[in-house]
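Below is one structure, written out as structure tokens; comments come after it.
The values are calculated or read from the model by the stated rules, or taken from the named source; none is laboratory data. Everything numeric here is computed off the predicted structure, so don't read it as measured data. For neighbour counting, all protein chains shown are included, and Cβ atoms are generated from backbone atoms with ideal geometry for every residue, glycine included. Keep in mind that these areas ignore ligands, DNA and RNA; they rest on the heavy atoms of the full protein, side chains included. Shrake-Rupley method; radii C 1.70, N 1.55, O 1.52, S 1.80 Å.
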Amino acid sequence: MVKLMTFSFLNLLLILLIAWVAGLIVTRLGYPAVLGELAAGIVFGPPLLGWIHGDEGIALLGRLGVLLMMLYVGMRVDLTDLLRSAAAALLITLGGFLVPFGLGYLVNLGLGGDANTGLVLGTVIGVTALATLPRITVDLDFVETRLGQTLIGVALFSVAISLATYTLISGIIEAGNFDLIGLVAVLGRLIAFALAAVVIGKWLLPALCRRLFRTVLAGRTAAASLIFLTGVLYGLLAEAAGLHVILGGFLAGLFLEKDLFPANLFAPLTELVRDVSLGFLTPIFFVSAGFAFSFGAFQSNLFLLVLVLVAAFSGKIIGGLVCSMLARRGWREGLVLGMGINGRGGVDVVLAGASLSSGFISAEVFSVLIFTTFLTTLSVPILLKWGVGWLRRDGQLAGADS
């Protein structure tokens, strides 16, 4: 007998409505919509009121939403525009990732946690959100400064480093050991997937697009279908290699370049992917991620929560400040950069949710990570507004060509 998937359209309607209202409210307050969506899942879901709930259909739609969100992120990345500040941004990204990663791992280990949980925890708090920083740089009118360009570069590099690190760590955890053979196997799968992605993206996909758009496909709808098929294909390849679909979605977006499509189609197609993912499917994931939140963390793991929060916040500032000075930036700009890269809410939530569903972390550790995302991200617009004003007053806000 075929088992039917559990699904309720009424539940889906309520989730979408609540996500839309919550996202609209926090956006008006100057914060990323993801914070409102997470809060909505906690308040209206099982942790508190229980008006909405998860089911197999919601989980599937949320999973598709994450894939398309990473597809959109990849399509937005223009590596050419980042070359001016790439060296400094990469150095600051490494510092802003490795310092909180190390602090988070040590905090978890020091409180009796296992190594696997520490690796995941460190990876998640090391992330800098791609969705948050570009929006803030525009709102505060410093996107065309060296500081703004560097922050955007750090957010982009952070996504790539975090995904690669998480992919490696999750593969090792699933292998059940840290021996050399297990590590080589994980790296082998990662390399094989990367090679397949490059071959498809750099040779097969361009050739296919040229032929199809010349002979068969015409118009936006056909091009959109090709984009979605490419995203799902890369997600499938990632899963076949034992990796997470988010890595596949991101790489698919990177290879879906403007030159592959007929003139004036790429921009509206990118907007279409954004609307379908961020406007419909991804909020389902973030709201349902809030369902797993546990207030028990405030009782049984309050010390862990406080220490992780301190490690996440101070680790970004220390890493950003030190590496900015190594990149020959002033200490003032380095301090503001460190505060800015504390922006979270996006890939970190995706990684935390994936870790929870895979059994890598407990619901209480997941709750600690979600709470950390809330508090650190809430501070960023306030701190950056003060920091940018401080640099402007002292004549330290350099232009992008500096």
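Residues of the range 150-184 that are at pLDDT 75 or above and open to solvent by 20 Å² or more (accessible area, probe 1.4 Å): PHE157, ILE161, ALA164, THR165, LEU168, ILE173. ASN301 satisfies every condition listed in (1) of a type outside the set (Phe, Trp, Tyr); (2) open to solvent by 10 Å² or more (accessible area, probe 1.4 Å); (3) closer than 30 Å to ALA86 by Cα except (3). If I ask for residues that are surrounded by 18 or more Cβ atoms within 10 Å (Cβ to Cβ) and at pLDDT 80 or above, which ones from the range 190-207 would you list? Of everything in the range 190-207, those that are surrounded by 18 or more Cβ atoms within 10 Å (Cβ to Cβ) and at pLDDT 80 or above turn out to be PHE193, ALA197, ILE200, GLY201, LEU205. For LEU369, the stated conditions do not hold, so it cannot be described as at pLDDT 80 or above and either more than 18 Å from ILE125 (Cα to Cα) or surrounded by fewer than 19 Cβ atoms within 10 Å (Cβ to Cβ) (or both).
On the given criteria, is ASP259 charged (D, E, K, R) and either farther than 30 Å from ALA59 by Cβ or without any contact (Cβ under 8 Å) to a residue 12 or more places away in the chain (or both)? It is true that ASP259 is charged (D, E, K, R) and either farther than 30 Å from ALA59 by Cβ or without any contact (Cβ under 8 Å) to a residue 12 or more places away in the chain (or both). The condition of being part of a helix (DSSP H, G or I), modelled with pLDDT of 90 or more, surrounded by fewer than 24 Cβ atoms within 10 Å (Cβ to Cβ) and in contact with a helix residue (DSSP H, G or I) (Cβ under 6 Å, 6 or more places away or on another chain) holds for only one of LEU64, LEU82, LEU98, that being LEU64. Note on the range 32-53: residues that are open to solvent by 10 Å² or more (accessible area, probe 1.4 Å), of a type in the set (Gly, Ala, Ser) and modelled with pLDDT of 90 or more amount to 1. Could you tell me whether the range 340-360 includes any residue that is outside any loop (DSSP other than H, G, I, E, B), modelled with pLDDT under 85 and open to solvent by 40 Å² or more (accessible area, probe 1.4 Å)? Yes, the range 340-360 contains at least one residue that is outside any loop (DSSP other than H, G, I, E, B), modelled with pLDDT under 85 and open to solvent by 40 Å² or more (accessible area, probe 1.4 Å). Checking the stated criteria, LEU375 turns out to be touching a residue at least 12 places away in the same chain (Cβ under 8 Å), closer than 26 Å to GLY118 by Cβ, open to solvent by 30 Å² or more (accessible area, probe 1.4 Å) and not polar (S, T, N, Q). If you take the residues in the range 240-263 that are assigned to a helix (DSSP H, G or I) and among the aromatic types (Phe, Trp, Tyr), which one is surrounded by the most Cβ atoms within 10 Å (Cβ to Cβ)? Applying the filter and picking the extreme gives PHE250.
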